[in-house]
Amino acid sequence: MRQTFIDEPAHVAEIRDQLRRFVAAEAPREKRIAWDKAHSWPRDVYAKLNALGLTALTVPAEYGGAGQDLVAAVAVIEELAAAGAFLAGPYIHTAFYGGMNLSENGSPEQKAEYLPRLAKGELFFAYGLSEPNVGGDLASVETRAELDGDTVVVNGAKRWCTGADWADVIYCLVRSGPADQRYRNLSFLLIPTDTPGIRMQGIEHSNLRYTDSQDVFFDNVRIPASNIVGGREMWNQGWKLLAGRALDVEKIEISATAFGIAQAACKEAWAYAQERVQFGKAISQHQAIRHKLVTAATKLEACRHMLYHAAWLANEGRPCSVETSMAKLFIADTGVEIALACQQVMGAYAMSDAYEMERHVRDLLGMPIVGGSSDMQRNNLASLMKL
Ligand SMILES: Cc1cc2nc3c(=O)[nH]c(=O)nc-3n(C[C@H](O)[C@H](O)[C@H](O)COP(=O)(O)OP(=O)(O)OC[C@H]3O[C@@H](n4cnc5c(N)ncnc54)[C@H](O)[C@@H]3O)c2cc1C
């Protein structure tokens, strides 16, 4: 039976109100523009945000969390992303890269060690999937891991390991057996970033500039075998962890970021069009501009429905690989259309750093690439839908 209408729970509406007040007070536009220029996120503001306890929303109550509430956690990302990636990014590094992944995939010991601290927002994780020679084709990762008694030895390199320079742990996909077996000999490791043998090099980029991304090099990095995600029995079983529920949630989390930013773009263009006067009237009264804005608003509404339907299915523990891939594909691609339409509405000022539109456009242009490209989602959907 399909459920098509559902009211947003009252506690989610309360979280939204709380975050809107927080963002207005702590992350005003001038600060967001400055953080973007500095490729940085505000530790002091984030510490105040963390005091609201929202990283607990992805952690079960038995490990000190609030019980997994994905709809609420997605609403948190949406509200934070309306202010750019400066607070949403760090939140995702804790609540999703850490809390969600370990809740799903951690061994009992790993859950006991990490989840209570993740629930309190005390730890940041970075995602180590991509490599210099590996983008979408994750089954081809080349970073090698070998067991040496009770130790795992890691050699190789990760690319685009965003936040590795300030995160505590890299959630790292490695090749743990012969390469020709592809899916059957991958493992995930928890690699503390202060382990000897790790070196990093920053990567500047144009989108999601809450931080530089990082190249991370592993030179005979030794970690305990107890850091194999899921425990020693999950050695060579990493693909199951990658393709499971955590991936569904990953698609929702990046879709929520895109949606929050697209919403901010619409809001800025809408307000601008009502203020800017040309040919004797506000440009919002010219039909071409009106049509652009209401079309963008309509597309945004479709994104909202896809996002929260997918989040609700995931929250209920229902199968949702198709819906989450559709949401990622649709929201990322539609986010680009919304960005370009809103950019047109603001004319020259969409290129100026006095406004946020130029950042919204940069951020949204990257969304069909990061977190599983649109083409990869199409491939997944064709396979999931048995085309
Ligand atoms: C700002 C930023 C932050 C990032 N952060 C992280 C991070 O924290 N951790 C991490 O692991 N990665 C991160 N990434 C990397 C990101 O996830 C990858 O860019 C993404 O997986 C795509 O890989 P690629 O860019 O190498 O593209 P490729 O895989 O090389 O693909 C290039 C193009 O070819 C297409 N293509 C490839 N194969 C196929 C196919 N079989 N069928 C159809 N089309 C295909 C793709 O859709 C794409 O359009 C980040 C990237 C950016 C830009």
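Every read-out reported here was derived from the displayed coordinates using simple, explicitly stated rules and does not represent laboratory data. Bear in mind that the values here come from a model prediction, so they are computed numbers and not experimental data. Every residue, glycine as well, gets a Cβ built from its backbone with ideal geometry; the counts of neighbours run over all protein chains shown.
Computed over the stretch 127-223, the alpha-carbon pair-distance distribution with 5 angstrom bins reads 3, 15, 25, 26, 17, 10, 4, 1, 0, each value a whole percent.
Each 10 Å bin, from zero up to the one with the longest distance, holds this percent of the alpha carbon pairs of the stretch 10-123: 15, 47, 29, 9, 1. Each Cα pair under 8 Å and six or more residues apart adds its sequence gap; the mean of these over the residue count of the stretch 24-174 is a relative contact order of 20 percent.
Calculated over the stretch 75-149, the projected area of the Cα convex hull averaged across directions stands at 7.2 nm². Packing here is the average count of other Cβ atoms within 10 Å per residue, and on that basis the peptides 220-231, 354-365, highest first, run 354-365, 220-231. Each label was represented as a point 7 Å from its Cα along the Cα-to-Cβ direction; for residue 62 and residue 204 these points are 4.9 nm apart. Within a straight-line Cα-Cα reach of under 30 Å, residue 281 can be paired with the following lysines, leaving aside sequence neighbours fewer than 8 residues apart in one chain: 267, 292, 299.
How about the stretch 1-102: which trypsin sites (Lys or Arg not before Pro) there lie in a loop by DSSP and see at most 16 other Cβ atoms within 10 Å?
2
With a cut-off of 13 Å between beta carbons, the residues surrounding residue 373 carry a summed charge of 0, where Lys and Arg count +1 and Asp and Glu -1.
Taking 16 Å as the cut-off, the amide N atoms of the stretch 6-38 that come nearer than this to a point 7 Å along the Cα-to-beta-carbon line of residue 349 belong to 29-30. For the chain, the equivalent ellipsoid derived from the alpha-carbon gyration tensor has semi-axes of 36, 22, 21 Å in decreasing order. Based on DSSP H segments of at least four residues, each scored -39500 (n - 2.57), the chain has a per-residue ellipticity at 222 nm of -15500 deg cm²/dmol. Considering only 332, 282, 273, the mean-square fluctuation computed in a Gaussian network model of the chain, springs between alpha carbons under 10 angstrom, is largest for 282. Spatial offset of the stretch 212-234 relative to the stretch 48-69 amounts to 26 Å, using the alpha carbon center of each.
Pick out, in residue order, every one of the chymotrypsin sites (Phe, Trp or Tyr not before Pro) in the stretch 232-279 that is DSSP loop and has at most 12 other C-beta atoms within 10 Å; say none if there are none. Write out the running numbers ahead of the final one.
Numbers: sites: 235, 239, 259, 270, 272, 279; in loops: 235, 279.
Within the stretch 232-279, the qualifying chymotrypsin sites (Phe, Trp or Tyr not before Pro) (loop, at most 12 other Cβ atoms within 10 Å) are 279.
Ranked by the mean number of other Cβ atoms within 10 Å per residue, highest first, peptides 296-304, 138-146, 5-13 order as 138-146, 296-304, 5-13.
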